[in-house]
1. Karplus couplings for the range 214-227 from phi (6.51 cos²θ - 1.76 cosθ + 1.60, θ = phi - 60°), rounded to Hz, Gly and Pro as x?
2. Pop out the ³J(HN,Hα) list for the range 134-146 in order, Karplus 6.51 cos²θ - 1.76 cosθ + 1.60 with θ = phi - 60°, rounded to Hz; leave Gly and Pro as x.
3. Mind sorting 169, 202 by how few other Cβ atoms lie within 10 Å of their own Cβ, fewest first?
4. Taking a ≥ b ≥ c as the square roots of the Cα gyration tensor eigenvalues, with a/c under 1.5 meaning rounded and otherwise prolate when a/b beats b/c, else oblate, which class fits the range 66-145?
5. Give me 284, 189 sorted ascending by neighbouring Cβ count inside 10 Å, so fewest comes first.
6. What FRET efficiency comes out for the pair residue 96/residue 225, r = Cβ-Cβ distance, R0 = 30 Å, nearest 0.05?
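What follows draws every value from the coordinates through simple rules; no lab data is involved. Since the structure is predicted, the reported quantities are computational estimates derived from the model, not experimental observations. Every residue, glycine among them, receives a Cβ derived from its backbone with ideal geometry; neighbour counts consider all protein chains shown.
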Amino acid sequence: MVNTVVFLWISASAPIAPSTAAPARIQAGPSREALSTLSDFGVARGITFVPPTEAGRPLGLPANDAAIVDAIEAELEQARTALSALEEASAGARLSRVEGQLLAHPHLPQAAFLMGECLALQAQAAREQSPARASALEARRTGIEGPRATPFGAPSAASSGVGARELGVTGLSDADELELDGATWGRSRRLSVRPGLHHARVWRRGRPIFATFLEIAPQQSALELSPPPLVPCDGEDLGEAARGAAASHVACERWVKVRDEKPGIGVAFCEHERCRPFTHWQRRAAPAYSAIRGERAPFPAWAGFTIASAAAAVVTGLVLWQSGAFEHGRPTAATWEYGGLNPQPLRF
């Protein structure tokens, strides 16, 4: 039965990139001769080798846009100016637009910081007219940013009385790393966080693949995230090995590394991140064509037929001669004549 196995071409000159670098495209290094040799290796073992799909497929995160960041920071500055002029309504409208833009663009690296500043200004704008709303906004800001020092002359902010909670993180693969509110938690799946608004980003193979704002309630015990699933045996799963680095947290159950070993190739079978030593393989040269040679006869076949025919003619002549068929002078010899096409019977 033929099996299909993903192969990864390993270049001998591929540099080992740091884990934080963006994943490189799988090198298109194998020549036709190398691929033909790999196919020959697979035929001998009943295996069909296929390359992995290319890394870099869209993962739902748009590119960072400096123009959006500049527009948000300009709105925040104008909101501060409006608050200084006691124009709380105008400041509140600007801050609502800023919050909407940040919720629509959680992939921005500055999103957590900008949202914390937005909530702080919103609480300041609501302090005179709605102290309860101001307190709720301050609690949300504390979740994403932590406590702030009390400004000079301002009343001390009342403590919410709710401390940090231990949360288990679900929905991530073994290769995913978590960033929460700008702080890196790595592959840890237990967090200690305050209730309130938080900003989360998930990194995989050195790039962010998922980002969101989320609310953590005081009674919550788990944090569920939903980044794109890791596809086993694709270019992203084998990205570290493609860059020449030691592969870790590989989801692919069975794959092979192939490298150039002139003459021939080296093939190493792998299970997840564990690989066997390379095995050398080269194609055997096909034998040169040569016609099958039989034993040659001592003389041509036509000569045998000629000799046999001549011998038969000689024997026949001797028999006729002995019977007197060629002796016309003897009266007792039997003679016969042929008179052509005559309806009369032949005379003997």
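1. Once rounded to whole Hz, the list reads 8, 9, 10, 7, x, 8, 6, 10, 9, 10, 9, 10, 9, x.
2. Coupling constants for the range 134-146: 4, 5, 5, 5, 5, 5, 5, 5, 4, x, 8, 10, x Hz.
3. 169, 202
4. oblate
5. Going from least to most buried by this count: 284, 189.
6. 0.65
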